[in-house]
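Following: one structure in structure tokens, then a few remarks.
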Amino acid sequence: SVQFVVFDMLSITMPQHFVPGSGEAFTEWLEIVAENDGAVCISATVADELRQWIAQNRKPGMRSFTVDHFHLGADINESLPTQGIGVAEQQVLGRVAGQDTFLMVGTVEPRKGHALALAAFESLWAEGVEANLVIVGKKGWLVDKLVARIEQHPQARKKLFWVQGASDEFLERIYQSSRCLLVPSEGEGFCLPLIEASHHRLPILARDLPVFREVAGDHATYFSGTGPEQLAEDIKAWLATRRADRH
């Protein structure tokens, strides 16, 4: 039996967030997957999307094809974790300690919502809200202008921090030092940071997506707005619930 692991269908369902040709190349790969015995997806949401694609695109008369799913884990200590915290990363940990710090984890790419989050925090900072935004993840694609904004921002290394190439050791520490995991992504196959944050008992503020509901259930606060002003209000509301110990 030949089974494939399918992490997501995003280059097909959200082609606007990927470089041209990504969807076509991924479709060619799915056609090869469909010639075999089955696929195992990393969430029930992706499994449903794959089943729909198989039903619409698989050639008739082929052998049976099964689709199943499993969930990812986050026991970093059992996975040969990488070590090392540089001087700049140590400075980040020192600057955010004991403060209202919102953490985003993942490659900086269009669908992840970094631009939305930055605009929301710019609104909060203009109002005098004392909160930090920490981004952990390497630079991805189609984000040159956003990266320039982050690197040249007046709040860079003051209330806005971006760490690329972080070790597992630093990731563990920043989860422990933050107040909330912020997940404004427009689409995911699973979103491992939800599990990593839960592993550290870090509260979650996430976009209301079916896959996030599948992974985090009732153990997260969800928002549905698409504009920075609404997200800023959602962040302020979350901070209020934290002060009231209802987060």
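The values are calculated or read from the model by the stated rules, or taken from the named source; none is laboratory data. No experiment lies behind these values; they were computed from the predicted model shown. Here the Cβ is made from the backbone with ideal geometry for all residues, glycine too, and neighbour counts use every protein chain on show. The area values use the complete protein model at the heavy-atom level, side chains included, leaving out ligands, DNA and RNA. Shrake-Rupley method; radii C 1.70, N 1.55, O 1.52, S 1.80 Å.
Within region 1-40, find all residues whose amide N lies under 15 Å from a label point positioned 7 Å from the Cα of M62 along Cα-to-beta-carbon.
So the set is 2-6, 26-40.
What is the percent carbon and sulfur in the accessible area of the chain, measuring with a 1.4 Å probe over the protein chains and ignoring ligands?
50
Can you give the angle from 0 to 90° between the axis of helix 87-96 and the longest principal axis of the chain, with both taken from C-alpha atoms, to the nearest 10?
Approximately 70 degrees, to the nearest 10.
So what are region 1-142's ellipsoid semi-axes, whole angstrom, largest first, if each one is the square root of 5 times an eigenvalue of the alpha-carbon gyration tensor?
Equivalent ellipsoid semi-axes, largest first: 39, 20, 13 Å.
Looking only at region 99-116, which residues have a backbone nitrogen under 12 Å from a spot 7 Å from the Cα of M14 in the C-beta direction?
It comes to 107-116, nothing else.
Which loop chymotrypsin sites (Phe, Trp or Tyr not before Pro) in region 134-172, with loop taken from DSSP, have no more than 13 other Cβ atoms within 10 angstrom of their Cβ?
Answer in residue order: W141.
What's the angle, to the nearest 10 degrees (0 to 90), between helix 168-177's Cα axis and the longest principal axis of the chain?
Roughly 50 degrees between the two axes.
Please enumerate, by chain and number, the aspartates and glutamates with C-alpha under 17 Å from the C-alpha of K145, excluding those fewer than 8 residues away in the same chain.
K145 reaches E109, E122.
If one takes the longest principal axis of the Cα atoms in the chain, at what angle in degrees, from 0 to 90 and to the nearest 10, does the Cα axis of helix 114-126 lie?
20
More than 23 Å apart: what percent of Cα pairs in the chain qualify?
For the chain, the fraction of Cα-Cα distances above 23 Å is 54 percent.
Report the percentage of all Cα-Cα pairs in region 145-247 whose separation exceeds 23 Å, rounded to a whole percent.
33
Tell me which lysines have Cα within less than 25 Å of K236's Cα, excluding those fewer than 8 residues away on the same chain?
Result set, ordered by chain and number: K112, K158, K159.
Can you tell me what percent of all Cα-Cα pairs in region 68-149 are more than 16 Å apart?
Here the long-distance tail beyond 16 Å is 67 percent of all Cα pairs in region 68-149.
In nm, give the distance between the simple-model label positions of E229 and W141, each being 7 Å from the Cα along the Cα-to-Cβ direction.
3.4
What residue among L30, S43, W53 has its Cα farthest toward the positive end of the dipole of region 1-53, where the charges are +1 on Lys, Arg and -1 on Asp, Glu, each on the Cβ?
It is S43.
Can you work out the PRE-style zone for Q52? Point 7 Å along Cα to Cβ, and I want the residues of region 204-239 with backbone N under 13 Å.
Backbone N within reach: 210-211.
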